[in-house]
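Notes follow the structure.
The values are calculated or read from the model by the stated rules, or taken from the named source; none is laboratory data. Source: prediction; values computed, not measured. Heads up, the Cβs are rebuilt from the backbone with ideal geometry, glycines too, and the neighbour counts pull from every protein chain shown. With ligands, DNA and RNA removed, areas are computed over all heavy atoms of the protein, side chains included. Shrake-Rupley method; radii C 1.70, N 1.55, O 1.52, S 1.80 Å.
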Amino acid sequence: MPTTDTQTANTEDEPIRIEDLDRRSIDHVLTTTRAVRRRLDLDRPVPLEVIDECLEIGLQAPTGYNLQNWRWLVISDEESRHELADSYRRSLEPFVEMMEGELPEDEQTQKVAASSTYLAEHLHEVPVHVIPCTTLSVREEREMWEQMEYESDPLNMAASSVYGEVWPAAWSFMLALRSRGLGSSLTMIHLAQEPTVAELLGVPDGISQAGLIPVAYFEGEDFRRGTRRPLEDVAFYDQWGQTSPFN
Ligand SMILES: Cc1cc2nc3c(=O)[nH]c(=O)nc-3n(C[C@H](O)[C@H](O)[C@H](O)COP(=O)(O)O)c2cc1C
């Protein structure tokens, strides 16, 4: 197994005491990193140095056994972005058709649907696409866990461990972008055409793509908190259904 600790250790960072952390800014970024679609500045180029800087931050995220099975594919080539966007749209179409009339009528859901359609229509214009990948596959991981003859079907373990390898880092990457004035959104619908995209980008067999993160500078000043279900509906204490003692 290759050693990686010297590659990722950031020895230049001065330690920061907890009381000196700018919690207001940190919490602001954590609570206002939205799925940016309509407010992407499609005309402003994104220097790849910024992408590198943000990916580097993402690489501090956790992975199982610290094996770092992640791989990152950064696409700025115009022709590839066009083809990727075509694959994305071809994947989205049947899903949208199936969901027609099924989605809740509320304003928030309708807004997300309209904004997702906007992104799909303009995806080829977004200056940079990032595809988080992993060297693991759900099928192989499942087979590996099956040898343990555990109580549960290891499908969930496999899915959790394979994509869990990349999403924490991808989210850190998106937070780092946000703090530098760039917007992105986490998408995965193009996986319906994963082999076509793999061929387009020379992704070897055995590498799983996890999603597609379109990146551009955002327009406007800032973002607000998103609409979320209240904590008491989704977080339980000691027993399922038992809400916080502070409610
Ligand atoms: C697993 C996952 C898959 C997603 N797939 C897509 C997608 O294919 N297309 C898209 O436009 N947004 C996609 N999203 C973004 C969500 O729609 C978005 O995070 C959600 O609506 C909340 O938006 P907000 O953070 O701006 O409040 C995905 C998000 C997640 C976590």
Quick count over region 165-182, residues being surrounded by fewer than 18 Cβ atoms within 10 Å (Cβ to Cβ), in contact with a helix residue (DSSP H, G or I) (Cβ under 7 Å, 6 or more places away or on another chain) and not in a helix (DSSP H, G or I), is 1
For region 190-224 the number of residues that are under 26 Å from Ser161 (Cβ atoms), within 12 Å of the ligand (Cβ to nearest atom) and open to solvent by less than 10 Å² (accessible area, probe 1.4 Å) is 5
Picked from region 69-87 (must be assigned to a loop (DSSP other than H, G, I, E, B) and out of contact with any helix residue (DSSP H, G or I) (no Cβ under 8 Å at 6 or more places or on another chain)), the residue nearest to Ala176 (Cα to Cα) is Asn69
Inspect all residues belonging to region 229-237 and state whether any of them is open to solvent by 80 Å² or more (accessible area, probe 1.4 Å) and part of a loop (DSSP other than H, G, I, E, B). yes
Residue set Arg178, Arg81; condition of a type in the set (Lys, Arg), touching a strand residue (DSSP E or B) at 6+ places or on another chain (Cβ under 9 Å) and away from the ligand (no atom under 13 Å from the Cβ); output residue Arg81
Inspect all residues belonging to region 145-159 and state whether any of them is within 22 Å of Arg37 (Cα to Cα) and either away from the ligand (no atom under 15 Å from the Cβ) or open to solvent by less than 30 Å² (accessible area, probe 1.4 Å) (or both). no
Filter region 111-164 for residues that are out of contact with any Pro (no Cβ under 8 Å at 6 or more places or on another chain), free of Cβ contacts under 8 Å to residues at least 60 places away in the same chain and not in a helix (DSSP H, G or I); the one that is nearest to Ala216 (Cα to Cα) is Pro154
